[in-house]
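A short worksheet on the structure shown next.
The values are calculated or read from the model by the stated rules, or taken from the named source; none is laboratory data. Keep in mind that this is a model prediction, so the values were computed, not measured. Cβ coordinates were reconstructed from backbone atoms using ideal geometry, including for glycine residues, and neighbour counts include every protein chain displayed. When the accessible area is computed, the model is the full protein with side chains, heavy atoms only, and any ligands, DNA or RNA have been set aside. Shrake-Rupley method; radii C 1.70, N 1.55, O 1.52, S 1.80 Å.
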Amino acid sequence: MNQAYKNVALENSYCLFLDLLGFSQEIIDNSNNATSQNHLIRLIQAIEKGMSRFSETDDYSLKLFTDNIVIGIPFKKLTEIAAWCPEDEVNSYSGYASGDVLSEIYEDYFNKIVEQVIYYQLTMILEGFFVRGGWDYGKLYMDSKIVYGKPLISAYKLESDYAKYPRIVLGERIIEMIDRMIYNKEVLAPFPYNREFDICGNSTIPYVLKGEEGIYFVNYLFSVINLADNTYDIDKLLQHKEIIQNKITLFKSNERILSKYCWSAFYHNRFCELFIQTKMGIKDIEHLIIKEIPYVSSDWDIGWVILEHSGFQ
C-alpha cells in the first residue's frame, strides 16, 4: 500500500469509499455456473488497470478488500501544490486577488485527483464492474493496518445511503469546495485563465454533475472528452452504451437491480445531451443514445453545476 501519511497523525484529507454494485451476487452466480476462476481473473485485471494511476504516486494511500476500496489523500499545502507561488506572495501575485490565485491552484489540484477517480470508474465499468461510492473531506489517518477518521464514516454513509446507483456521491465539504471554486471563477475579477470550460456563459467544473435533491456526483464519462481538440472517444462511449444495455437485458425481471442500470442509461443519455450535443455542438447523437430504458423515475435529474446565487454564503 502506498504510504501518503508519513506520521501517525490525523491530517486534512480527501477520503473515498468505493465498492462494486451487485458484486456479492456476481460471486454466487459465477460459482454456480463454474466460471468463478474467469470472474476472479477479470476482477483482478480490472482493478490493477483501474488503480494503476493511484499506485504511480505516494500522494495516495489505498486499502483494498475484494470489492471495497478506501483511498486517503492528504490535502496538500499551497506551497506543495504550486512551488511557483509561495504563500507570502499570494496577495501580490500578478496583481490578482488572492481568491483568484487560490481558486485556480486548488481547482487544478482537485481536477488532478478526480481524473484518477474517473479513470478508475470508467475502466471498471468497461470491464463490466459498476462502481458506486462516497467522497468526503476531513481529518484522516491511514497505514497498512488501520484507517481512522470521520471522513471514512461519512464516505461510507454517502455510498450506502445516498449513492443508490452506480455513481460516486460527494459530501457537503467537497460540495462547498466546488461551489467556492465556481463562485470565484464567476465573481472575482480579473480571472482570465481559469474559464477553460463553461456552458452558455456559465463557469462549471465538468468533472462533477448535479443530480436530484442537490446531490453532486462524479461525472466519470468526462474522461472520453479531449478538451485540447474538442473530440471524444466514440468507441468507449459506444462500449459504455452496449454494456448498460446488456445489464438491462440481464436484469429485466429484477426490478430492484434493474432500476440501478436504468439510472446508468439515463446518465449516459444526459451526458451525451450535455456534452456531445450542447457543449461540442454535435447535433446528431441518435447513434449514441440508449433508446429503450424500461424504468425512468420522475425524481431523476442530471445537470450542470453552475453558480445559482449572487453571493457565496
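Here's how it looks for Y232: its modeled amide H is under 5 Å from those of N226, which are all 5 or more places away or on a different chain.
Across the range 168-283, Cα-Cα pairs farther apart than 19 Å form 56% of the total. Taking a sphere under 9 Å around the Cβ of L258 and counting the other residues whose Cβ falls inside, with K and R at +1 and D and E at -1, yields a net charge of +3. With 27 Å as the limit, the listed pairs K49/K150; K236/K279; K247/K279; K252/K279; K150/K185; K150/K247 have K49/K150; K247/K279; K252/K279; K150/K185; K150/K247 beyond it between alpha carbons. Summed over all non-identical Cα pairs, the Kirkwood treatment of the range 221-313 gives a radius of 14.7 Å.
Of all lysines in the structure, those lying under 17 Å Cα to Cα from K76, and not within fewer than 8 positions of it along the same chain, are K6, K112, K139. Ranking of Y261, Y165 by solvent-accessible surface, largest first: Y165, Y261 (1.4 Å probe, protein heavy atoms only, all chains present).
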